[in-house]
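K.L.:
Below is one structure. I have some questions about it.
The values are calculated or read from the model by the stated rules, or taken from the named source; none is laboratory data. All figures in this text were calculated on a predicted structure; none of them were measured in a lab. Here Cβ is always computed from backbone atoms with ideal geometry, including for glycine, and neighbour counts include all displayed protein chains. Ligands, DNA and RNA are excluded from the accessible area calculation, which covers all protein heavy atoms including side chains. Shrake-Rupley method; radii C 1.70, N 1.55, O 1.52, S 1.80 Å.
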Amino acid sequence: PREVAALPLHALSRGIQQGGGFVAEKHAVSYLPSASSLLLPRIRIGQVKEVVGVGCPGGTSWDVEYELRDIRAFFKDVRLYFDQQASLATLQKENEDLLHLAIRFQFNDQRPGNSFFILSDGESAGTMKHIPLGQLLSLPPVPAVVVSDLEEHRTGIRPSEPYLFLANGTQEIVFTSTVPSRKAKKFFGEIFYTTLLTGADVRAAYRKAQLEMIRTADYASPFTWAPFFLWGR
């Protein structure tokens, strides 16, 4: 059912009478689009040494440079692309261990084939281009992806969105199910990227960031930390 895509199972709670605690505190939770996803080829993830960040607001007021430059504060080996450089051509020529996308996805539930994401047309900073979701398969395979979706009306993650990354060889995807606050994104990113610098893998870095948010008063509400979903095998 379509509504299941909006349900963060990792944020379910046992309740006070059963000792409390969220599922995410007791178990590392990741999601699969389908059981057949287990059969897809995948790139083995070693230590994350190179990160590429691409930011394109796609008509929103979101400050993508502000968001992505935070990564450089925590992880210095990062290449960032904005304005006309935030294009499909840029993505197609880059090779990295982790790709961070701060862009707008637009999923069409009635006609999934018309779904797209927005990037620069590569000619000027102010002109955008709708890229069909299927073009994700044209990118060089990347072991890990972080998708910071900027679509303000997003509610949940359609399984076909992370599936396209998995089908292209990606092993781990962090995908936001709604648009978190800038403050929440920064806190998550700080823990996530500084943990990667220690040599931890993507799954461990994600889990540490998730648990730190749950344990920190300003981010303890599930509405703040639960939108960060981990997809992978």
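K.L.:
Answer with yes or no whether Arg182 is buried (at least 22 other Cβ atoms within 10 Å of the Cβ), farther than 30 Å from Leu39 by Cβ and not hydrophobic (A, V, I, L, M, F, W, C).
P.N.:
no
K.L.:
Right, something else. Quick one: count up the residues across the stretch 117-145 that are in a strand (DSSP E or B) and either open to solvent by 60 Å² or more (accessible area, probe 1.4 Å) or more than 21 Å from Leu68 (Cβ to Cβ) (or both).
P.N.:
Residues flagged as in a strand (DSSP E or B) and either open to solvent by 60 Å² or more (accessible area, probe 1.4 Å) or more than 21 Å from Leu68 (Cβ to Cβ) (or both) within the stretch 117-145 amount to 4.
K.L.:
With among the small types (Gly, Ala, Ser), touching a strand residue (DSSP E or B) at 6+ places or on another chain (Cβ under 6 Å), within 30 Å of Ala217 (Cα to Cα) and without any contact (Cβ under 8 Å) to a residue 60 or more places away in the chain as the only criterion, which of Ala184, Ala102 stands out?
P.N.:
After applying the criteria, what remains is Ala102.
Listed here are the residues, each with its yes/no results for (1) β-branched (Val, Ile, Thr); (2) under 18 Å from the mean Cα position of the chain (by Cα); (3) farther than 23 Å from Met128 by Cβ; (4) part of a helix (DSSP H, G or I).
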site: Ile45; (1), (2), (3), (4): yes, yes, yes, no
site: Gly53; (1), (2), (3), (4): no, yes, no, no
site: Ser61; (1), (2), (3), (4): no, no, no, no
site: Gln110; (1), (2), (3), (4): no, no, no, no
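K.L.:
Moving on. Regarding Asn114, is this residue under 30 Å from Ala204 (Cα atoms), at pLDDT below 95 and open to solvent by 20 Å² or more (accessible area, probe 1.4 Å)?
P.N.:
Working: under 30 Å from Ala204 (Cα atoms): no; at pLDDT below 95: yes; open to solvent by 20 Å² or more (accessible area, probe 1.4 Å): yes.
When the stated conditions are applied, Asn114 does not pass them.
K.L.:
For residues in the stretch 1-32 being within 18 Å of the chain's Cα centre (by Cα) and at pLDDT below 85, which is surrounded by the most Cβ atoms within 10 Å (Cβ to Cβ)?
P.N.:
Filtering first and then ranking leaves Ala5.
K.L.:
Can you tell me how many residues within the stretch 63-91 are within 21 Å of Pro141 (Cβ to Cβ), of a type in the set (D, E, K, R) and outside any loop (DSSP other than H, G, I, E, B)?
P.N.:
Looking only at that region, the number is 1.
K.L.:
Out of the residues in the stretch 33-54 that are among the hydrophobic types (A, V, I, L, M, F, W, C) and touching a strand residue (DSSP E or B) at 6+ places or on another chain (Cβ under 7 Å), state the one that is surrounded by the fewest Cβ atoms within 10 Å (Cβ to Cβ). Lay out the reasoning, then the answer.
P.N.:
First pass over the stretch 33-54, keeping only residues among the hydrophobic types (A, V, I, L, M, F, W, C): 35, 38-40, 43, 45, 48, 51-52, 54.
Retained after the next criterion (residues that are touching a strand residue (DSSP E or B) at 6+ places or on another chain (Cβ under 7 Å)): 45, 48, 51-52, 54.
Numbers: Ile45: 18, Val48: 22, Val51: 24, Val52: 21, Val54: 24.
Restricting to residues being among the hydrophobic types (A, V, I, L, M, F, W, C) and touching a strand residue (DSSP E or B) at 6+ places or on another chain (Cβ under 7 Å), the top hit is Ile45.
K.L.:
Just one of (1) open to solvent by less than 10 Å² (accessible area, probe 1.4 Å); (2) part of a helix (DSSP H, G or I); (3) over 18 Å from Val54 (Cβ atoms) trips up Ile214, so point out which.
P.N.:
In the conditions (1) open to solvent by less than 10 Å² (accessible area, probe 1.4 Å); (2) part of a helix (DSSP H, G or I); (3) over 18 Å from Val54 (Cβ atoms), Ile214 misses (1) alone.
K.L.:
Considering only the stretch 161-177, I want to know if a residue exists there that is more than 16 Å from Ala28 (Cβ to Cβ), open to solvent by 40 Å² or more (accessible area, probe 1.4 Å) and either in a helix (DSSP H, G or I) or among the charged types (D, E, K, R) (or both).
P.N.:
Among the residues of the stretch 161-177, at least one is more than 16 Å from Ala28 (Cβ to Cβ), open to solvent by 40 Å² or more (accessible area, probe 1.4 Å) and either in a helix (DSSP H, G or I) or among the charged types (D, E, K, R) (or both), which makes the answer yes.
K.L.:
Shifting gears a bit: Specify which of the listed residues (Asp83, Asp109, Asp121, Asp63) is in contact (Cβ under 8 Å) with a residue 24 or more places away in the chain and within 24 Å of Trp231 (Cβ to Cβ).
P.N.:
So the residue among Asp83, Asp109, Asp121, Asp63 that is in contact (Cβ under 8 Å) with a residue 24 or more places away in the chain and within 24 Å of Trp231 (Cβ to Cβ) is Asp109.
K.L.:
Among the residues of the stretch 95-108 satisfying the criterion of being among the polar types (S, T, N, Q) and in a loop (DSSP other than H, G, I, E, B), which is least open to solvent (accessible area, probe 1.4 Å)?
P.N.:
Here is the first cut: in the stretch 95-108, the residues among the polar types (S, T, N, Q) are 95, 106, 108.
Keeping just the survivors that are in a loop (DSSP other than H, G, I, E, B) gives 95, 108.
Details: Asn95: 101, Asn108: 50 Å².
The qualifying residue least open to solvent (accessible area, probe 1.4 Å) is Asn108.
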